[in-house]
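The values are calculated or read from the model by the stated rules, or taken from the named source; none is laboratory data. Please read all numbers here as calculations on a predicted model, not as lab measurements. Quick reminder, even Gly has a Cβ in these numbers, built from the backbone with ideal geometry, and neighbours come from all protein chains shown. The area values use the complete protein model at the heavy-atom level, side chains included, leaving out ligands, DNA and RNA. Shrake-Rupley method; radii C 1.70, N 1.55, O 1.52, S 1.80 Å.
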Amino acid sequence: MNRLIRGIGSSCWVPRHRQTICLGARSRLYSHGDAVKSIDTSFQKVLHEYEGINTQNVRVLNVQRGEKATSVDIVGMLRSKNINDILSIYSKIDCKDLSNNTLGNDVEPRVWHGHLQSLPAYMGPFQMVFVHADAMEESEEKDILRQCSLITRPGGSVVIWSSCKVVCDEPLIEYATHNLCLELADTSPNVLVFSVPDNFALQGGIRCMEGEIVKGYGRGSKNLGVPTANLSPVDVQGDIAGLPSGVYFGWAKLKTSETQQESDGLVHKMVMNIGKRPTFIKDNSPDISIEVHVMHSFQQDFYGQRMKVLVVGYLRPEMKFDTIEILLNRIQTDIGVSRTQLDGEVWSRYAEDPFFD
Ligand code: ADP
Ligand code: MG
């Protein structure tokens with residue numbers, strides 16, 4: 001995360017295990033004490049949302065480099081708000097040295113000694129994820145942020161902080177807001193707060209599109225149990241402009257024509273992938289595909305027909321999966337999450353949107 005030390009030369013930063021003193025012009029204006037105070041203020045803002053509500057089900061992840069206490073006592077702060085379901089990850093400790101990886105009903109926060117990437121999904125999702133910037137190397141900050149966004153509930157926050165580094169970093173903010181579709185909720189030199197939009201709502205509002213269903217790459221989505229109707233990129237390119245590659249959800253309806261009858265006239269739930277299909281494409285070829293899996297069992301294929309699609313939410317960025325099994329697992333998760341969202345009050349009414357008339 002060294003790149004995050006923006007505007008301050010590397011000589012200004014003294015590793016905390018030696019001495020937590022920053023040198024240089026900028027840090028004279030902004031002392032360690034000021035930093036800790038401003039971090040505390042930002043954290044209190046994040047926690048304010050949980051004031052006066054039942055905090056029993058609020059689950060928090062705290063990612064830090066090692067077991068050593070950090071300059072802000074996150075656990076103590078959470079506990080003072082009656083938030084006790086806390087999982088800590090110590091990212092730079094060799095798990096072989098430790099016998100107890102996860103402590104069940106202990107008084108102390110539960111601990112996961114290992115990488116964030118290896119955290120089992122059942123341990124989340126979290127309402128808040130705090131990441132100490134020291135736990136991130138420059139090369140992995142985007143991966144960590146992406147991972148954090150995937151395990152944070154809609155409406156929840158990802159907080160990146162450090163008392164001796166400037167974490168407010170333009171490229172990282174750009175990646176978070178554009179590629180991960182996170183909202184920038186708060187920013188100060190030492191804290192970045194991103195939030196996952198409520199109900200995964202697509203930034204800039206819903207998008208409607210209509211396109212012809214064309215032949216795909218013949219990579220056998222159907223054989224994997226998740227056929228995807230590929231929309232003609234030419235038909236929808238204007239409608240998807242500005243959307244990052246990734247997984248979306250919403251509603252879809254097949255249009256019936258005189259020659260092609262495969263339509264029940266109903267609006268169905270759908271998950272959509274916009275992207276370059278990195279799991280399959282090895283040569284980085286830039287072809288974009290817009291693929292819609294309709295959550296319905298059709299009797300026949302419907303190539304050549306037109307489909308209306310209304311996109312309401314964004315789930316996750318496109319990711320590279322090591323095996324087809326892992327990809328399939330993730331697709332099933334995406335379908336499950338989308339189904340739940342579309343059954344909810346906020347998105348279910350869009351099935352009756354006049355767009356489908
Ligand atoms: P391709 O690579 O040509 O897109 P797929 O294996 O992805 O092939 O199969 C997609 C085709 O399957 C669609 O074009 C459509 O005609 C058909 N199909 C059948 N059921 C569905 C469904 N529930 N969702 C999407 N497409 C479906
Ligand atoms: Mg397909």
Handout entry: Contacts under 6 angstrom Cβ, first residue in the range 205-230 being assigned to a strand (DSSP E or B) and open to solvent by less than 50 Å² (accessible area, probe 1.4 Å), partner acidic (Asp, Glu) and more than 8 Å from ligand 1 (Cβ to nearest atom), 6 or more apart
Key = MET209/ASP239; GLY211/ASP235
Exercise for the section: Considering only the range 292-306, state which residues are of a type in the set (Ser, Thr, Tyr) and either modelled with pLDDT under 90 or more than 15 Å from ligand 2 (Cβ to nearest atom) (or both). Expected result: SER297
Exercise for the section: Would you check if LYS96 is over 13 Å from VAL60 (Cβ atoms), at pLDDT below 90 and either open to solvent by less than 30 Å² (accessible area, probe 1.4 Å) or part of a helix (DSSP H, G or I) (or both)? Expected result: yes
Fill in the blank from the handout: PRO354 fails exactly one of (1) within 21 Å of LYS222 (Cα to Cα); (2) open to solvent by 60 Å² or more (accessible area, probe 1.4 Å); (3) at pLDDT 95 or above, namely (1)
Exercise for the section: Please work out if ALA201 is within 16 Å of ligand 1 (Cβ to nearest atom), at pLDDT 95 or above, farther than 30 Å from GLU137 by Cα and open to solvent by less than 40 Å² (accessible area, probe 1.4 Å). Expected result: no
Practice task
Say whether the condition of being open to solvent by 10 Å² or more (accessible area, probe 1.4 Å), within 13 Å of ligand 1 (Cβ to nearest atom) and at pLDDT 95 or above is met by at least one residue in the range 260-268.
Solution key: yes
Practice task
Please verify whether the range 121-133 includes one or more residues that are in contact (Cβ under 8 Å) with a residue 24 or more places away in the chain and open to solvent by 40 Å² or more (accessible area, probe 1.4 Å).
Solution key: yes
Practice task
Working only within the range 287-323, note down all residues that are without any contact (Cβ under 8 Å) to a residue 24 or more places away in the chain and near ligand 1 (Cβ under 9 Å from one of its atoms).
Solution key: SER297
Exercise for the section: Filter the range 205-222 for residues that are within 12 Å of ligand 1 (Cβ to nearest atom), closer than 17 Å to ALA252 by Cβ and either touching a Pro at 6+ places or on another chain (Cβ under 9 Å) or not charged (D, E, K, R) (or both) and give the result. Expected result: GLY211, ILE213, VAL214, GLY216, SER221
Problem - Single condition THR256 does not satisfy, out of (1) within 16 Å of ligand 1 (Cβ to nearest atom); (2) β-branched (Val, Ile, Thr); (3) open to solvent by less than 40 Å² (accessible area, probe 1.4 Å) - result: (3)
Exercise for the section: State yes or no: is VAL159 at pLDDT 95 or above, buried (at least 18 other Cβ atoms within 10 Å of the Cβ) and touching a Cys at 6+ places or on another chain (Cβ under 8 Å)? Expected result: no
Exercise for the section: Read through the list (1) surrounded by fewer than 17 Cβ atoms within 10 Å (Cβ to Cβ); (2) within 16 Å of ligand 2 (Cβ to nearest atom), then give the number of the only condition that THR177 fails. Expected result: (2)
Fill in the blank from the handout: Among residues of the range 231-245 being within 21 Å of ILE331 (Cβ to Cβ) and assigned to a loop (DSSP other than H, G, I, E, B), the residue farthest from ligand 1 (Cβ to nearest atom) is PRO244
